[in-house]
Amino acid sequence: MRKTLPVQLARKKIFTIDEAEEAFNVDRESLRVTLSRLEHQGWLERLENGKYMVIPLTARKGEYTLNEFTIGSELVKPYAISYWSALNHHGLTEQIPGTVFLQTTSRKKRRELQVLGVRYRIVRVAEHKFFGLEKAWIDDTHVNVTDKEKTIIDCLDHPEHCGGVVEAAKALRNGSPDTGRLSEYAKRIRNSGVVRRLGYLSSLLGIQVDLPTIATRSYLYLDPTMPKTGEPNAKWKLIVNAELGELE
């Protein structure tokens, strides 16, 4: 039965319905019937509407899957494995996130997906925040992952996507990041909250990072995921509402 799957699709790990339409050269309605039949026969697994994973001849449907980063790379374009998932990829957290975080500039409607039992969270950011990507080789496929420094900056931008500021602080302490790149990224992301959090944590950990002076009278919370109580830090205009003593 596998011979009904064109060779250009059989060689792929994942393909879209548009790629299938070109390969089969049939109308869209007939194509959907064909793909449904192939899925029923165990040659394909539908990941989401219009996207299919090819089941190898040596594997069985329901038992075979791909690495979650490889699947994630096909769920939205452009993309980067980011936040808590990138922390884990770089070995910067002891925690194993239960969700794969994908950063994108796309307006994909669904932000939460579950594919083959894995949860995916798609986080849309402005164009100027989408940078600092590197390639990782996974499942014989290159996938985009935010580099170590961008991962830390992203986690300070959105602590809710990494388990809180403590996880970002641990990465800053243990990851030996390039401080010049950290400084560049902190300015480039255009969020004074990132500069303030990075400045405070760097001072706490004895890391030298070149950051601009905070010219505001307003305060924000060091960790927006934690209770809204804490001591003010005048230099960085932060309410320190996270317990970081063990990191000093």
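The values are calculated or read from the model by the stated rules, or taken from the named source; none is laboratory data. This one's a predicted model, so the numbers in the text were calculated from it and none came from an experiment. Neighbour counts are summed over all protein chains in view; Cβ atoms, including those assigned to glycine, are modelled from backbone coordinates with ideal geometry.
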(message) Scan segment 204-223 and tell me whether some residue there is hydroxyl-bearing (Ser, Thr, Tyr) and within 20 Å of Leu87 (Cα to Cα).
(response) no
(request) Filter segment 1-59 down to residues that are of a type in the set (Lys, Arg) and more than 18 Å from Val115 (Cβ to Cβ), then give me how many there are. (result) 6
(request) Could you tell me which numbered condition Ala234 fails, if it satisfies all but one of (1) more than 30 Å from Tyr64 (Cα to Cα); (2) touching a residue at least 12 places away in the same chain (Cβ under 8 Å)? (result) (2)
(message) Whether any residue in segment 42-51 is more than 30 Å from Asp154 (Cα to Cα), of a type in the set (Asp, Glu) and in a strand (DSSP E or B) is what I want to check.
(response) yes
(message) Take the conditions over 29 Å from Phe131 (Cβ atoms) and touching a residue at least 24 places away in the same chain (Cβ under 8 Å) and apply them to Tyr83. Does it pass?
(response) no
(message) Residues that are part of a strand (DSSP E or B) and buried (at least 16 other Cβ atoms within 10 Å of the Cβ): does segment 123-130 have at least one?
(response) yes
(request) Please report, ordered by residue number, the strands (runs of 3 or more DSSP E) entirely within segment 141-243 with at least 3 residues that are closer than 30 Å to Arg11 by Cβ, at pLDDT 95 or above and assigned by TED's automatic domain parsing to the domain that holds Phe131. (result) 141-146
(message) Name the residue that is farthest from Thr70 (Cα to Cα), counting only residues in segment 100-137 that are in contact with a His (Cβ under 9 Å, 6 or more places away or on another chain) and of a type in the set (A, V, I, L, M).
(response) Val125
